[in-house]
Amino acid sequence: MDADPENRHAVFDATSMLGAMPWEPDVVRAVMAKCCLFMPFQKAIGGISGYFVASFTPAALALIERNQSNPSWAIPRQLKIAPPINPRQPFSSKRSVDAGPFYDAEEDKMLGGVINTYSALAFAETTFGLLQTERRVGSVDALNKRSATNRRLVNEWVDRNGLFGLVVEDEERRGAAVTLLKVNDGGISSSDLHARIIARSKQILGYEGITHPNGVHEKGLDAARYVNAFPGTPGDYRAWIGGIRDPEDVIALLENLKYAYLRAKIVVIEEELESRGSRVDYNESAGGAASVREGTFKVLIADAIGLRFNAAGSLDHSELAAYIHEKGGVFHENSANDVSLADDGKIHFFYRPQLSTADEILAEAGDGQYDAVIAAATFIPQGAKFRLGGVRIGTGTGNMGSSSWGGPNGEGGEAPLMNTPGINSRATAQMAVKALLKVLPDLPVEELHARVIGGDFDTGKNLAEYPTEKLEGKRIAILGYGNIGRELARLAKAFHMDVVVYARPVHRDNIIAEGYEYAASPAEAARGCDVLSVHLGLGKLDPATGRFSNTGVVNAQVLSALNDKAVLLNYDRGELVNVADLDAALTSGKVRHAAIDADIFKTSDGPSGPMKPYLSLLPKHAEKLELLPHAAADTDHPTRVAGAKQAVDQIVDAIRLFSVTNLKGDLPDGYVSQGARTPSGIGPVTRSVLNRVANDKELLVQLRDVSERIAAILGALDAVSEDAHKARIVDRYRSLLAENAMRQGQLLKSAGLVAPAAKD
């Protein structure tokens with residue numbers, strides 16, 4: 001071992017070595033220092049299960065780490081034997097491995113299953129764990145007495161709870177360390193729902209938790225380390241109840257099992273009912289509000305919803321009207337102030353797209369005539385009152401100034417403020433690319449067109465007069481890593497541009513993982529870039545100054561860091577760019593073109609809004625500016641309708657069920673947050689996204705199949721060192737690897753899994 005510690009290892013039964021071997025003390029010390037040790041606790045203590053490695057030499061641990069991450073080593077792998085980094089986690093991988101340790105020879109593949117036990121966590125902490133165990137939990141006699149007590153408590157608890165039974169009814173044949181339990185739930189136990197309920201209950205028992213079909217998530221109990229099941233184990237639950245456990249812990253564990261089963265049963269039944277088209281009342285089952293808010297309510301829709309014209313030449317809002325009707329609501333094309341509303345117990349939506357100014361909104365809703373509001377671009381002033389909430393169609397909420405939810409930050413009000421993030425992300429990103437393509441590549445399309453149709457061009461002679469550069473290799477800085485910023489980064493990458501992203505440090509690892517460069521500041525991101533695109537949002541409003549935190553973030557320092565003749569895209573909020581600094585950059589040639597998409601409003605005093613300062617640049621830089629009235633995200637009919645339908649859902653849930661989705665700011669008392677909701681493929685990977693994937697059995701089978709093929713081929717390439725053999729593998733499996741890699745990518749994208757994980 002001393003000659004080659006990297007490749008030579010010894011494993012000793014510590015109790016046999018110390019208790020039976022006639023070795024001198026110095027030999028014992030050398031073995032303890034240089035060998036891996038394990039203790040057969042079931043023999044040595046009684047009531048404690050399993051043979052577990054208790055200590056590793058550094059070289060042995062390094063070997064385990066290498067092998068566990070190598071797919072080609074999967075076949076001979078039997079057990080997972082490395083202590084966890086986090087002592088709160090079960091004894092498994094991180095440091096050991098993630099995938100199951102059992103090889104099925106008939107199917108020629110690895111099967112799932114991790115041997116995780118609390119016993120390992122309790123004892124595998126020191127070079128020789130027996131002495132520490134005795135100090136911590138008492139003598140061997142005490143452990144045995146506690147084991148006997150725990151078995152008696154299990155018997156008594158099962159007698160009191162008819163839902164559960166013991167798999168091994170003969171007490172003499174029942175193990176001291178483990179109790180096998182089965183569920184006796186009448187017809188359900190013999191139906192195909194049973195296995196689904198048990199699987200879901202184990203999600204509750206672990207860190208994962210479960211999510212109801214309506215999106216309500218229940219956190220896990222962190223009890224999985226005490227409950228598991230080996231492949232082929234009879235019964236439903238395998239619970240550790242040996243002498244290491246205090247009696248009160250055993251009772252708590254059993255109660256957790258019962259709770260987890262009943263909660264999982266609710267979720268599975270909800271899913272089954274919904275799959276059959278039945279409506280489910282989630283009030284009690286989802287752990288949300290205690291009751292449904294009954295009554296008649298009024299909701300103001302303050303912006304145009306239909307963004308295309310119908311046969312009569314009017315903007316078509318019929319899709320939203322029909323959707324509201326399907327949900328049991330009532331759609332009105334007039335003001336609530338003009339009708340005498342009957343108390344019919346319904347939610348009434350009043351469509352008032354002609355409202356624009358703050359005075360008009362205050363006249364319509366300043367005295368609390370409406371219970372809630374849906375808006376897009378219209379500014380909702382502080383004095384407009386909506387006691388049950390508001391939804392902004394889109395991401396930013398800078399225009400949602402009502403004091404009912406505490407202003408644009410949504411802080412301190414009585415009502416929830418919500419938005420619909422991701423609805424218009426792709427539309428905005430695509431329009432930003434369109435603005436870029438008008439400038440880069442800098443091919444004068446109109447001039448060339450005129451020369452061609454005029455017969456004034458010879459390709460062989462004149463083409464050299466028009467050199468141009470492609471987007472490939474150009475460097476783009478994207479400020480912001482939200483839904484729009486990420487979507488634009490993907491599009492830029494498709495053009496083979498180099499992408500650098502500025503965002504908060506919490507996003508750094510995800511930005512790098514997606515193949516982009518991370519910058520710690522806007523100026524650092526802009527350095528050496530040919531294009532700068534802003535997608536930060538206004539940020540938080542400072543009540544003292546009336547300024548948003550991101551106002552003027554694109555300033556002289558940022559603009560001067562760009563390459564000469566760069567392009568600026570601001571399809572976010574006009575306030576994000578310092579207009580005076582942009583004027584200087586356009587004058588110097590640092591910026592060759594600026595495309596701005598910001599709100600502008602007509603008033604009796606002329607134009608107002610975030611676009612107004614940019615108008616002052618026109619006399620000097622008219623040919624270098626493209627100014628749009630915040631049209632990139634808000635003029636696409638399907639997008640606006642989809643956002644409006646989602647906003648209706650959110651308002652209805654907030655009014656009736658006290659349930660809030662896509663909360664902005666504080667959650668008011670009495671409400672329950674359901675987390676974020678974004679279109680498929682937009683936004684982070686949330687619990688609901690992964691639960692949707694987990695319930696799509698066909699998708700899981702396809703993903704596992706392609707992933708196993710990829711892992712097998714890569715594992716073979718990694719394991720083979722002989723060049724001729726490696727060449728044969730390459731020739732034989734090259735096409736299969738490429739095909740499965742592309743297929744895996746498509747499956748992951750369609751499932752919404754190619755994204756950072758949500759922080760919840």
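The values are calculated or read from the model by the stated rules, or taken from the named source; none is laboratory data. This one's a predicted model, so the numbers in the text were calculated from it and none came from an experiment. Note: ideal-geometry Cβ built from the backbone for every residue, glycine included; neighbour counts use all protein chains shown. Only protein heavy atoms, including side chains, enter the accessible area calculation; ligands, DNA and RNA are left aside. Shrake-Rupley method; radii C 1.70, N 1.55, O 1.52, S 1.80 Å.
Looking at segment 479-496, can you tell me whether even one residue there is assigned to a strand (DSSP E or B) and in contact with a helix residue (DSSP H, G or I) (Cβ under 9 Å, 6 or more places away or on another chain)? Quick ask: steps written out before the conclusion?
Filtering segment 479-496 down to residues assigned to a strand (DSSP E or B) leaves 479.
Then keep just the ones that are in contact with a helix residue (DSSP H, G or I) (Cβ under 9 Å, 6 or more places away or on another chain); that gives 479.
Among the residues of segment 479-496, at least one is assigned to a strand (DSSP E or B) and in contact with a helix residue (DSSP H, G or I) (Cβ under 9 Å, 6 or more places away or on another chain), which makes the answer yes.
Only one residue in ALA358, ALA376, ALA321 is open to solvent by 20 Å² or more (accessible area, probe 1.4 Å), within 25 Å of LYS540 (Cβ to Cβ) and not charged (D, E, K, R). Which one?
Details: ALA376 fails: open to solvent by 20 Å² or more (accessible area, probe 1.4 Å); ALA321 fails: within 25 Å of LYS540 (Cβ to Cβ).
Unique residue meeting the criteria: ALA358.
Given the condition among the aromatic types (Phe, Trp, Tyr), modelled with pLDDT of 95 or more and surrounded by 17 or more Cβ atoms within 10 Å (Cβ to Cβ), answer yes or no: does some residue in segment 597-609 qualify?
No, that holds for no residue.
Residues of segment 598-635 being over 23 Å from ARG392 (Cβ atoms) and among the aromatic types (Phe, Trp, Tyr), which ones?
TYR614
Looking at LEU448, LEU443, can you tell me which residue is closer than 19 Å to HIS496 by Cβ and open to solvent by less than 90 Å² (accessible area, probe 1.4 Å)?
LEU443
Being open to solvent by 10 Å² or more (accessible area, probe 1.4 Å) and either over 16 Å from HIS593 (Cα atoms) or aliphatic (A, V, I, L, M) (or both) is the filter here; which residues of segment 525-539 pass it?
Matches in segment 525-539: ARG527, GLY528, HIS535, LEU536, GLY537, LEU538, GLY539.
So how many residues does segment 514-543 have that are farther than 23 Å from HIS496 by Cα and in a strand (DSSP E or B)?
Here the count works out to 2.
Just checking, how many residues over segment 411-420 are open to solvent by less than 10 Å² (accessible area, probe 1.4 Å) and modelled with pLDDT under 95? Lay out the reasoning, then the answer.
Quick first cut of segment 411-420, residues open to solvent by less than 10 Å² (accessible area, probe 1.4 Å) only: 415-418, 420.
Right, trim to modelled with pLDDT under 95 and you get 420.
So the answer is 1.
Could you check, for segment 208-225, whether at least one of its residues is open to solvent by 10 Å² or more (accessible area, probe 1.4 Å) and at pLDDT 90 or above?
No, every residue in segment 208-225 fails to be open to solvent by 10 Å² or more (accessible area, probe 1.4 Å) and at pLDDT 90 or above.
So ALA513 fits all but one of (1) surrounded by 15 or more Cβ atoms within 10 Å (Cβ to Cβ); (2) under 23 Å from LEU748 (Cβ atoms); what number is the exception?
In the conditions (1) surrounded by 15 or more Cβ atoms within 10 Å (Cβ to Cβ); (2) under 23 Å from LEU748 (Cβ atoms), ALA513 misses (1) alone.
Exactly one condition in (1) assigned to a loop (DSSP other than H, G, I, E, B); (2) open to solvent by 10 Å² or more (accessible area, probe 1.4 Å); (3) closer than 30 Å to GLU487 by Cβ; (4) among the small types (Gly, Ala, Ser) is not met by SER402; state its number.
The single condition SER402 does not satisfy is (2).
Applying the selection to segment 624-671, what residues are among the polar types (S, T, N, Q) and either open to solvent by 20 Å² or more (accessible area, probe 1.4 Å) or touching an Asp or Glu at 6+ places or on another chain (Cβ under 9 Å) (or both)?
Residues satisfying the conditions are THR635, THR639, SER659, THR661.
Find the helices (runs of 4 or more DSSP H) located wholly in segment 672-760 whose residues include 3 or more that are charged (D, E, K, R) and surrounded by 13 or more Cβ atoms within 10 Å (Cβ to Cβ), and list them.
Output list reads 697-719, 723-750.
Within segment 177-189, can one find any residue that is under 21 Å from LEU253 (Cα atoms), out of contact with any helix residue (DSSP H, G or I) (no Cβ under 9 Å at 6 or more places or on another chain) and in a helix (DSSP H, G or I)?
no
Cβ-Cβ below 7 Å, separation at least six or inter-chain, first residue in segment 512-529 and modelled with pLDDT under 95, second open to solvent by 10 Å² or more (accessible area, probe 1.4 Å) and in a helix (DSSP H, G or I): which pairs?
Pairs that qualify, where the first residue is modelled with pLDDT under 95 and the partner is open to solvent by 10 Å² or more (accessible area, probe 1.4 Å) and in a helix (DSSP H, G or I), are GLY515/LYS493.
Exactly one of (1) touching a residue at least 24 places away in the same chain (Cβ under 8 Å); (2) assigned to a loop (DSSP other than H, G, I, E, B) is unmet by PHE349. Its number?
It is condition (2) that PHE349 fails.
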